[in-house]
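Contents: one structure, followed by commentary.
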Amino acid sequence: MTELEKMEAGMEYDFWDDEVNARKANAMDICKRLNEQDPKDEEKIADTLRELFGSAGEIPWVGPNFHCDNGKNIHVGKHCIANFNVTILDIREVRIGYHCMIGPIR
């Protein structure tokens with residue numbers, strides 16, 4: 001079993017493995033591109049999130065300064081919004097449902 005397969009199975013794995021590092025590096029590259037996009041360009045942001053996430057429903061959106069571990073473990077339903085400066089640590093699967101808004105409350 002490869003280190004990436006171990007990680008995906010929730011087992012102990014080598015954090016410095018080349019394949020694991022490639023997944024993390026890919027997520028960092030996509031997050032950098034995402035964070036440089038115009039926050040008003042919802043279509044471009046949705047396309048980038050679909051590239052980054054394991055799955056995404058209709059009209060996903062995140063504000064600038066979004067970060068994650070590898071992206072492919074994130075699954076969001078339709079109309080999911082994450083406000084500015086959000087970090088999702090997705091070493092394991094993260095599922096966010098429909099019509100969810102992530103951000104501060106009053």
Checked pairs for the stretch 67-95, first aromatic (Phe, Trp, Tyr), second open to solvent by less than 20 Å² (accessible area, probe 1.4 Å), C-beta under 7 Å and 6 or more apart or across chains, list as Phe84/Gly63
Over the stretch 54-93, the set of residues closer than 22 Å to Asp18 by Cβ, over 9 Å from the mean Cα position of the chain (by Cα) and buried (at least 16 other Cβ atoms within 10 Å of the Cβ) is Ile91
Pairing a residue in the stretch 39-56 that is in contact (Cβ under 8 Å) with a residue 24 or more places away in the chain and hydrophobic (A, V, I, L, M, F, W, C) with any residue that is in a loop (DSSP other than H, G, I, E, B) and open to solvent by 40 Å² or more (accessible area, probe 1.4 Å), where Cβ atoms lie under 9 Å and the two sit 6 or more apart in sequence or on different chains, gives Leu52/Lys72; Ala56/Lys78
Just one listed residue, out of Asp38, Asp47, Asp90, is closer than 24 Å to Pro104 by Cβ, acidic (Asp, Glu) and at pLDDT 95 or above, and it is Asp38
Yes/no for Asp18 being farther than 24 Å from Gly97 by Cα, among the acidic types (Asp, Glu) and open to solvent by 20 Å² or more (accessible area, probe 1.4 Å) = yes
Residue set Glu42, Glu51, Glu8, Glu12; condition of a type in the set (Asp, Glu), under 10 Å from the mean Cα position of the chain (by Cα) and open to solvent by 50 Å² or more (accessible area, probe 1.4 Å); output residue Glu51
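The values are calculated or read from the model by the stated rules, or taken from the named source; none is laboratory data. Just so it is clear, the model here is predicted, and its values are computed rather than measured. Positions of Cβ are generated from backbone atoms using ideal geometry, with glycine treated the same way; all protein chains shown enter the neighbour counts. SASA here: full protein model, heavy atoms, side chains in, ligands and nucleic acids out. Shrake-Rupley method; radii C 1.70, N 1.55, O 1.52, S 1.80 Å.
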